[in-house]
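See structure below.
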Amino acid sequence: MDHFPTNWGRPRNDAFDPYGTYPIHQRPATKDNFAEGVQRTQQPIVTGTSVLAIQYKDGIMMAADNLGSPPPFLPLTQSDRILSAASYGSLARFKDIQRLHQVGNSTVIGASGDMSDFQAIQSLLDEVVIDEFTQGDGHDLGPAEVHEYLSRVMYSRRSKIDPLWNSILVGGFRDGKRFLGYIDLLGTTYSSPSIATGYGAYIAIPILRSAVDGRVDELTEENARNLLHECMRVLFYRDARSLDKYQIATVNASGVHISDQVHLDTSWSFAEGIRGYGAQTQ
Amino acid sequence: MPDGSFAHPQQRQFNPYTDNGGTILAIAGADFTVIAGDTRQSEGYSIQTRYAPKVFRLTDRAVLAVNGFAADGNMFVKKVKQRLEWYRHAHAKDMPLRAIARLIQTMLYAQRFFPYYVYNILGGIEEDGTGAVYSFDPVGSYEREACRAAGAAQSLVQPFLDNQIYFKNQKAAAGQTHPTHLPLSDVLSIVIDSFTSATERHIEVGDGLEIFVVVTKGHSPQGLESIRNVQEVTTRADTDRMFVIRRELKKD
Amino acid sequence: MEEALEQPQLRVFLHPLLHPALLPVSYPRDIRPTWSSIMEYNGGSVIAMVGKDCVAIASDLRLGNQALGISSNFTKIFPMTNRIFLGLPGLATDVTTLKETFRYRVNMYTIKEEREIEPETFAHLVSSTLYERRFGPYFIEPVMAGLQKAADGSLKPYIAATDLIGCLNFAKDFVVAGTASSKLFGVAEGLWEPDLGPEDLFETISQTLLNAVDRDAYSGWGAEVYVLTKDKVIKRTLKGRMD
């Protein structure tokens, strides 16, 4: 009998004893995940990739795809790794993960990184918004306040060496002013006319900056939407952990609107002639 | 490994610090102080934003520049401002510059075993009306100086300042001595030259330059008002005057 | 019950040839000496600048053994021809080797071609000499200054520098190398301007070098400056801080 509940129901470590032929007392000791006390988040598990956001004439716009990627393996310890690699095939893939979330009446947040941490953050924010509402004093949280709150949460968790493994964008429109900010697992913050997390910071930012910087007041809603659509397409082509289904959030004077899933049309005919993409002829 | 495993057990260690680049600089004059910093914030080879202030007004006569890990820097400034507000409520006046300097050393040393990864430069006007610069290391060691550069381009800027502010390796003309303090216009030119030079040769410096100037109460701002892109941020009439000058730096 | 024996502490003599880059891969990991870089073993810095119809090259005079100062008259600049000067900051043992190597190769060139080597050609000689040792390099970052003969017979300022495996950097303003390089870059960027005459160029390069090495623990202890003009070479030895 294995007395460690954390080992129950897990596949047997077949690298050491594939057919269970050893007598029980000779089997390698199974590992207790709680033996060293509480384990803190040391790596993300199910992750979301890039989030893109820009400021435009009437507000801000944010886009994120709907994929939650499982890790290829969970390299926790030496003995666990084989077990984890084996369990890869059985893991589900999450194809309609919501990575954009409305907070209050004038703010939207989008996250990349660990999705369970992000969902915990959503609960945290929902609670704050409700607490603020129940005060009944007519005050509520705008994007700047949400950004500040999140920066404090993220910084205090990093200072406990127990980070929430995310990069979060906060966008909003309130009292005629746009807001777009960033917070990550270290508590680092900043604002900019265009921001992207993950691979988007390398692939989408050059496109976004050349279109947005210094032209925020000329950019129409349609321009902004097309720009983000184009960047999401580029990201789908180049980021292996992305999906061709995404959502777009708009915040302007008329409030917060998170779209239905948008599908990206892609063409792979170019790949035919490139060695390494299509069918190989030699 | 081809089977998806690793030759050595993989342990990812969370690193609570990062370096966000940038450079800060402060120079004290006889009756003024100049505190400046670039506005680029970066991580690795990525520019996160072209405008993230590193220089902050603390009181009517004190300005703090912070450089290093931006999250620590912002949190540190927030806490210093909070302590200064408490002081104001307790004593009905602003904390003097030398007291702010000691406060900062205490606050930094309090975190001796999990330090703020931040280099601080405090500039402003002393109680006797002289310009002053205090510089700190991340764990609170500090001293008062006439000029100091810190951050990514410290090694580029500091020897230039030694030469131009302290006249190091320069001989005065026969029968003359070097001035102990330079006029404001000279100091501003040196500050701007320092940052354009640092921008040219250091990838983490650039985008924008923010220069704070504090001038002793009742003293002339030496024609500062007529300079390009200057903005006065003095809050009350009977105090030292404070100005902000904003300039563009190269964005590449 | 057997007690675990404590590992004997192995004292490692910090000889340059024990640098990780030079050791076989099989060299035991736990007794590999670890120092920052072999480039900082002896210290020293060189800078070269372009002026109007003249060039200048200058270096410090320190030779150290890491933090310990050994000599204050260790010259790092050598004449290759009457109008090419070569600075060799880096590992002192390689300074001697390369100085002799280049003397030999320049002589061979002179004999074979029956003419003096030009600065640009010499720069490529330096580059290819270093690249020959691509996977076991000399720990030197050469800086050179010279006057190049143009088609019309006039002399044009020429400066260049390479990294330790010979990647050429031909600059129009100034080149720097050595342990104080970042400081030299900072000061030079602030002080240098185009079309300086020989005397102004001398002042500029001297101020740049002295102020840079004063902020560098591994460079200093005096300096020497060469200014090359079309009709003479001026050599001056500078007094510097000795701390």
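Looking at segment B:183-197, is at least one residue out of contact with any Ser or Thr (no Cβ under 9 Å at 6 or more places or on another chain), hydrophobic (A, V, I, L, M, F, W, C) and free of Cβ contacts under 8 Å to residues at least 12 places away in the same chain? No: zero hits. Checked against (1) over 16 Å from the mean Cα position of the chain (by Cα); (2) within 11 Å of chain B (Cβ to nearest Cβ), residue C:185 passes all but a single condition, namely (1).
Counting only residues that are crowded, with 18+ Cβ neighbours inside 10 Å, out of contact with any Lys or Arg (no Cβ under 7 Å at 6 or more places or on another chain) and in contact (Cβ under 8 Å) with a residue 60 or more places away in the chain, segment B:117-137 holds 5 of them. Contact map, segment A:88-99: residues that are modelled with pLDDT of 85 or more paired with residues that are charged (D, E, K, R) and surrounded by 11 or more Cβ atoms within 10 Å (Cβ to Cβ), Cβ distance under 9 Å, separation 6+ or inter-chain. Pairs shown: A:95/A:245; A:96/A:245; A:97/A:65; A:99/A:65. Look at (1) closer than 29 Å to residue B:39 by Cβ; (2) open to solvent by less than 70 Å² (accessible area, probe 1.4 Å) and you find that residue B:166 fails only one, number (2). Looking at segment C:234-242, is at least one residue more than 9 Å from chain B (Cβ to nearest Cβ), touching a residue at least 12 places away in the same chain (Cβ under 8 Å), open to solvent by 60 Å² or more (accessible area, probe 1.4 Å) and under 20 Å from residue C:53 (Cα atoms)? The answer is yes, given that some residue of segment C:234-242 is more than 9 Å from chain B (Cβ to nearest Cβ), touching a residue at least 12 places away in the same chain (Cβ under 8 Å), open to solvent by 60 Å² or more (accessible area, probe 1.4 Å) and under 20 Å from residue C:53 (Cα atoms).
From the list B:101, B:90, the lone residue that is in contact (Cβ under 8 Å) with a residue 40 or more places away in the chain and more than 26 Å from residue B:208 (Cβ to Cβ) is B:101.
Of all residues in segment B:218-252, those that are surrounded by 16 or more Cβ atoms within 10 Å (Cβ to Cβ) and of a type in the set (D, E, K, R) total 3.
The values are calculated or read from the model by the stated rules, or taken from the named source; none is laboratory data. For clarity, every value in this text was computed on a predicted model and none was experimentally measured. Note: ideal-geometry Cβ built from the backbone for every residue, glycine included; neighbour counts use all protein chains shown. For the accessible areas, the whole protein counts, side chains as well, though only heavy atoms, and no ligand, DNA or RNA atoms are used. Shrake-Rupley method; radii C 1.70, N 1.55, O 1.52, S 1.80 Å.
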